[in-house]
Amino acid sequence: MRYAEITGWGKCMPPATLTNDDLSTIMDTSDEWIFSRTGMKERRISHVNADELAYVAAARAIAAAGLEVNDIDGILFGSMTPTTLMPNCSSYVQKRLGNKVAACMDLNSACCSFLYAISTATSLIQAGVMNKVVVIGAEKLSWFLDWTNRNVSVLFGDGAGAVVLEATSEPVGVLSSKLGCYGDMRDTLATDNFGSGANRGLDSYAHISWEFDGQEIFKRATRGMVLATQGALADANVDVEEVDWVIPHQANRRIIEAVAKRMNIDMDRVAITVDRYANTSAATIPVTLTEILEQKRIQPYDKIVMPAFGAGLTWGAAYLRWGARVEPIAEAAVELPPCDKTALELIEPLLEINRRHKVVVSA
Ligand code: UT7
């Protein structure tokens, strides 16, 4: 029987940090509101595109696995903010890595993209189609946001995380997945005028606006993540008490706490990064996984569950068993180009476009 062990991991968080207090200088919000409702303190704003963040995270994951770039025969890029739709962004990562042999696929299930991608990659390895696959979650949500909309813009950030999966005969890696979607709820979290349904007579970027029903999403997200976690654990014949780590999608600390409470899981077994990075959509799980590995909190053969939800409303969970190695084999000498702007300076031109568009629409 073939399995798909996680042998490498890496993240790439852009350096510019936007705090809640920074946000309160450009909109009617406060650190108190944001922190008490979400657990967020700050988020990162990227000066490069999502595909470049992805490349750096992927290079770091490949080094941690101790592999050469041409050992990789598959690259899966999970994102809802791809830099380009054609060509896809996984081909950008391949080119930047100098890889000549990988199949390249982009996948969009919104915040569940990494979860869907790691389940897909595991299945491709188990089917014998691929042997060594890089799975990435990367987003540049700052580009995508309406910075005049406080309901949405305070919730998100930029970043990327990646893992390497390798075929093995040992029963480790993702052992079960439950994936689903509440399509009837797709309008509760949506942007218009972006994609081939957009009105090409308009400047599509200026006209992106968000439909967002936070409370409805909150309820369905909690239910979907609990059901998916229970399903994935049941399929793997694992009791919830045996779980060493929950690495959930980081949309809101209160959603994570509600899921943990319903599952009867102590918060000290739940990994949290939402305080420092906010919601980076597809990147939250690989970034959080990498961070707790860097903190040496994962032990060999730990039992881990990763629940998520996102626009669609997609939901899911994967249960995985860690392998023997919890230390990286090597580090990649790869860095982002330096950033000479503050986070507020990076979003200023975007905010200007949003403001100008608001004036045009209301005129
Ligand atoms: O990963 C997928 C994407 N993430 C999500 O979909 C997030 C899911 N939803 C949530 O996390 C929560 O529902 C929110 C954090 C979005 C909102 O928390 P809440 O406790 O459900 O807040 P609420 O809806 O009860 O509060 C809304 C109030 C409104 O004021 P009124 O109408 O009650 O006077 C908003 O205008 O809070 C106001 N508000 C803000 N005030 C200050 C909304 N955003 C802000 C803000 N600063 N940034």
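The values are calculated or read from the model by the stated rules, or taken from the named source; none is laboratory data. These numbers were taken from a predicted model, which means no experiment stands behind them. Glycine also receives a Cβ, built like all others from the backbone with ideal geometry; neighbour counts cover every protein chain displayed. These area figures cover heavy atoms from the full protein model, side chains too; ligands, DNA and RNA do not enter into them. Shrake-Rupley method; radii C 1.70, N 1.55, O 1.52, S 1.80 Å.
Could you calculate the FRET efficiency of S36 with Q126 from 1/(1 + (r/R0)^6), where r is the beta carbon distance between them and R0 is 51 Å, rounded to 0.05?
0.70
Can you give me the accessible area per residue for the chain, using a 1.4 Å probe, in Å²?
42
In straight Cα distance, which lysines are under 30 Å from K95, not counting same-chain residues fewer than 8 positions off?
Correct list for K95: K11, K132, K140, K341.
Skipping prolines and chain starts, which residues have an amide H placed within reach, meaning under 5 Å, of the one on L107, given they are 5 or more residues away or on another chain?
F77, G78, S79
For S176, enumerate residues with amide H under 5 Å from its amide H, sequence gap 5+ or separate chain, H modeled in the peptide plane.
Long-range HN contacts for S176: Y319.
Dipole of the chain (Lys/Arg Cβ +1, Asp/Glu Cβ -1, origin at the Cα centre): which of G137, A333, G157 lies farthest to the positive side?
G137
Would you grab the residues whose amide H sits under 5 Å from the one on W9? Only those 5+ places off in sequence or on another chain, please, with H modelled 1.01 Å from N.
Close amide H contacts, sequence-distant or interchain: A64, A65, V164.
Treating only the Cβ of Lys, Arg, Asp and Glu as charged (+1, +1, -1, -1), what charge dipole size does the chain show about its Cα centre? Round to the nearest 20 debye.
I would put it at about 420 debye.
Got a sec to turn the phi values of region 176-192 into Karplus ³J(HN,Hα) couplings, 6.51 cos²θ - 1.76 cosθ + 1.60 with θ = phi - 60°, whole Hz, x for Gly and Pro?
Computed from phi, the couplings for region 176-192 are 7, 9, 10, 10, x, 7, 8, x, 5, 9, 5, 7, 6, 8, 7, 10, 9 Hz.
With angles folded into 0 to 90 degrees, how steeply does helix 284-294 sit against the dominant principal axis of the chain? Use alpha carbons for both and round to 10.
50
Considering only protein heavy atoms and a probe of 1.4 Å, how much of the accessible area of the chain is carbon and sulfur, as a whole percent?
Of all accessible area on the chain, carbon and sulfur atoms account for 49 percent.
In the chain, if the dipole is taken from +1 on Lys/Arg beta carbons and -1 on Asp/Glu beta carbons about the Cα centre, which of A318, N20, A65 is farthest to the positive end?
Positive-end residue among those listed: A318.
Using only Cα atoms, tell me the angle between helix 113-126 and the longest principal axis of the chain; keep it within 0 to 90° and round to the nearest 10.
Roughly 30 degrees between the two axes.
Percent antiparallel among DSSP beta bridges with both residues in the chain, to the nearest 5?
On the way: 39 of 55 bridges.
Bridges in the chain that DSSP calls antiparallel: roughly 70 percent.
Roughly how big is region 26-70's charge dipole about its Cα centre, with Cβ charges of +1 (Lys, Arg) and -1 (Asp, Glu), in debye to the nearest 20?
120
Just need the relative contact order of the chain here, percent rounded to a whole number, with Cα pairs under 8 Å and 6+ apart.
Relative contact order here is 26 percent.
Taking θ as phi - 60°, what are the ³J(HN,Hα) couplings along region 68-73 by the Karplus curve (6.51, -1.76, 1.60), each to the nearest whole Hz, with x for Gly and Pro?
8, 4, 7, 6, 7, 10
What aspartates and glutamates does K358 reach when the alpha-carbon gap must be under 13 Å and sequence neighbours fewer than 8 apart in one chain are set aside?
K358 reaches D146.
Determine the dipole magnitude for region 1-128: charges of +1 sit on the beta-carbon of Lys and Arg, -1 on that of Asp and Glu, nothing else is charged, the reference point is the Cα centre, and the result goes in debye to the nearest 20. List each step's numbers first, then the result.
Numbers: 10 positive and 13 negative charges, 70 e Å.
For this selection, approximately 340 debye.
Only Cα pairs within less than 10 Å get springs; with that Gaussian network setup on the chain, which residue of G137, G180, G74 has the largest fluctuation?
G180
Quick one: helix 214-235 against the long Cα principal axis of the chain, what's the angle to the nearest 10°, folded into 0 to 90?
Taking the Cα atoms of the chain, the angle to 214-235 is about 10 degrees.
Give the ranking of R254, R2, R262 by solvent-accessible surface, highest area first, calculated with a 1.4 Å probe. Each step should come with its number before you reach the end.
On the way: R254 100, R2 80, R262 145 Å².
Of R254, R2, R262, the descending order of accessible area is R262, R254, R2.
Name the residue farthest towards the positive end of the dipole of the chain from the options Q126, W147, V305, assuming +1 on Cβ of Lys and Arg, -1 on Cβ of Asp and Glu, about the Cα centre.
Positive-end residue among those listed: Q126.
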